[in-house]
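Each remark here refers to the structure printed beneath this line.
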Amino acid sequence: MATRKSIDWESIEASYRSGSPSVRALAEKYGLTEGAIRKRASKEDWKRDLTGKVQAATKEKLVRTKVRTESTQRTDAEIIESESDVRAELVLSHRTDLAQWRGIANKLCDALSGMDVTADNAGDFARSLNAGVDAQLKVIKGERQAYNLDTETGDKTVSDLAAMMDELSKEA
């Protein structure tokens, strides 16, 4: 038998209230008699009130384990990892494409900067300038999205830039 000081009544109570193991098994585990455990349970009014909840939680864990170990099911971590890989690849692709479009827009800007505007080509120049401004704004907007720079302030900056470029194109 266990000495009185070495008896872990708190653990015995927790096991008793959970309904598992049996009182006989608890007595054997802790070196007590069934009577001693029943007497303490009666004295302290222990109830086997958690048995149903423990059984339900056990069943839930077993179901989750079975579902997650089947080859057709993926864990949340696997889904997150897979989806984040796909999305990161897409954003990186967008960034590469936008860099190419920025280069094209810059070439148009350089060509227009070096162009002599005359009465004969003023209409073509104005159309090209408007197309260049539009292309540049679309590249800026796309880059802001691809680099997660879209904020209320960021949108305002793009709008302000668009207004400024529109104003400049009118003067040309």
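Looking at segment 31-49, is at least one residue charged (D, E, K, R) and farther than 30 Å from Asp8 by Cβ? Before the answer, list the steps.
Looking only at segment 31-49, we keep the residues that are charged (D, E, K, R), and these are 34, 38-40, 43-45, 47-49.
If we keep only those that are farther than 30 Å from Asp8 by Cβ as well, we get none.
Checked against the condition, which is being charged (D, E, K, R) and farther than 30 Å from Asp8 by Cβ, segment 31-49 yields no hits at all.
If the requirement is being under 40 Å from the mean Cα position of the chain (by Cα), assigned by TED's automatic domain parsing to the domain that holds Tyr147 and surrounded by fewer than 15 Cβ atoms within 10 Å (Cβ to Cβ), which of these qualifies: Asp97, Asp120? Unique residue meeting the criteria: Asp97.
Here is the figure for segment 138-148: residues that are at pLDDT 75 or above and assigned to a loop (DSSP other than H, G, I, E, B) total 1.
The values are calculated or read from the model by the stated rules, or taken from the named source; none is laboratory data. What you see is a predicted model; the values in this text were computed from it and never measured. Heads up, the Cβs are rebuilt from the backbone with ideal geometry, glycines too, and the neighbour counts pull from every protein chain shown.
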